[in-house]
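Shown next, in structure tokens, is the structure this report addresses.
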Amino acid sequence: MPELPEVETTLRGIQPWLDGETISDVVVRQRSLRWPVPSQIGSKLVGQTVVSSRRRGKYILLELSGGGTLLTHLGMSGSLRILSGDSDEWRKHDHIGISLASGKELRYHDPRRFGCWLYCKAGEHPEDSHELLHKLGPEPLSDDFDVDYLWSCMKGRKVAIKQLIMNSHVVVGVGNIYACEALYLSGISPRRAAGRVTRASTERLVEAIRQVLGEAIEMGGTTLRDFLNADGEAGYFKQELRVYDREGEPCRGCESPVKRIVQSNRSTFFCSDCQK
DNA sequence: AGGTAAACCTGGACGC
DNA sequence: TGCGTCCAGGTTTACC
């Protein structure tokens, strides 16, 4: 489900209800996620205050008053909602509930269970030390992600450009939808070897990634099937999609039908006339 | 080392 | 109605 804009939308939705709040109870109904939810997670969290919440790539990090950090990822189908406390019946696939002193509750729902909930103990900055975070590439909306950087990652690489920009060690947050969209916007074939993309195209690609992610955040993310924000509302970026999930429909630029191919087991949508 | 396929899991859509 | 097949927004892992 979630790529960077959906995770950012989720974070913005839960942040106001979490920051400064104390955790009063933790219920784990299903600990079998991507990795097992630590069995002591409840005793570690209860009584702690959420100092701040932030995003790194597609991970959400809650910094706790004791110095530890709660690290979660929504995987393919995960979502986080804020419940008001009185309407808190457990739906199928609701796995974790974090009750707050305010009476609100943070509820984690994830049918496919590819997400994770992990606890990083106090000490170093998790972005620098945690094994899942420390090798991540730059944030695409930060100044660290620029043409020189991406160009250096592409040089000599035979891997398809689409796979390269979806590699979180190169740049975080670009998933299947936004990789397709950014390549369309920059006129690059998703199949082109990364090392054979021109410098001018790379400049367009950096801008396209920024543009598409930024616009999607502004529109509350993309709801294809089931993405909902923390208030249970859909995102509006689907109507802006130029190629993703539009196989056979006319390209918005040249009218020729959008094509679908498979690259490393993922669907790729593109216009073979507009993208070279 | 770099590149590719499979693995994790549930559910919805579709064809017969 | 039911059953088999394919597909899905991510990432790691195992294997060439």
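Where a number appears in this text, it was derived from the coordinates with a stated rule and is not lab data. Predicted model only: the values in this text are computed from it and were never measured. Cβ placement follows ideal geometry from the backbone for every residue including glycine, while neighbour counts extend to all protein chains displayed.
For the stretch A:23-166, report the % of Cα-Cα distances exceeding 21 Å. For the stretch A:23-166, the fraction of Cα-Cα distances above 21 Å is 51 percent.
Give me A:Thr49, A:Thr198, A:Thr268 ranked fewest to most by other Cβ atoms within 10 Å of their Cβ, as a rough exposure proxy.
Details: A:Thr49 16, A:Thr198 11, A:Thr268 22.
Neighbour counts put them in this order, fewest first: A:Thr198, A:Thr49, A:Thr268.
Arranged from fewest to most other beta-carbon atoms within 10 Å of their beta carbon, A:Arg157, A:Arg196 become A:Arg196, A:Arg157. Annotation for the stretch A:56-76 versus the stretch A:126-188: alpha-carbon center distance of 21 Å.
Please work out the FRET efficiency for the pair A:Ser52 and A:Asp245, using the Cβ-Cβ distance as r and a Förster radius of 35 Å; give the result to the nearest 0.05. For A:Ser52 and A:Asp245, the calculated efficiency is 0.50.
Shape verdict for chain A, please, from the Cα gyration tensor: rounded (a/c under 1.5), prolate (a/b greater than b/c) or oblate. In terms of gyration-tensor shape, prolate.
Among residues other than A:His130 with Cβ under 15 Å from its Cβ, the summed charge is +2 (Lys and Arg +1, Asp and Glu -1).
With both labels modelled 7 Å from their Cα along Cα-to-Cβ, the A:Ala122 to A:Ser267 distance reads 4.9 nm. Using 18 Å as the cut-off for backbone N distance, which residues of the stretch A:96-128 belong to the label zone defined by a point 7 Å from the Cα of A:Val27 along Cα→Cβ? Correct set: A:96-111.
Other residues within the sphere of radius under 14 Å centred on the Cβ of A:Leu241, judged by their own Cβ, net out at -2 (K and R +1, D and E -1). Beyond 31 Å in Cα-Cα separation lie the following of the pairs A:Lys44/A:Lys162; A:Lys44/A:Lys92; A:Lys92/A:Lys259; A:Lys135/A:Lys162; A:Lys155/A:Lys238; A:Lys104/A:Lys135: A:Lys44/A:Lys162; A:Lys92/A:Lys259; A:Lys155/A:Lys238; A:Lys104/A:Lys135. Projected over every direction and averaged, the convex hull enclosing the alpha-carbon atoms of the stretch A:163-276 yields 7.3 nm². Across the stretch A:263-272, rounded Karplus estimates of 3J(HN,Hα) from the backbone phi angles (6.51 cos²θ - 1.76 cosθ + 1.60, θ = phi - 60°) give 10, 6, 6, 10, 5, 10, 10, 7, 10, 6 Hz, Gly and Pro being marked x.
A simple count of charges around A:Gly75, restricted to other residues whose Cβ falls under 11 Å of its Cβ and scoring Lys, Arg +1 and Asp, Glu -1, yields +3.
Computed from the Cβ-Cβ distance with R0 of 22 Å, the FRET efficiency linking A:Ser39 to A:Ser84 stands at 0.15.
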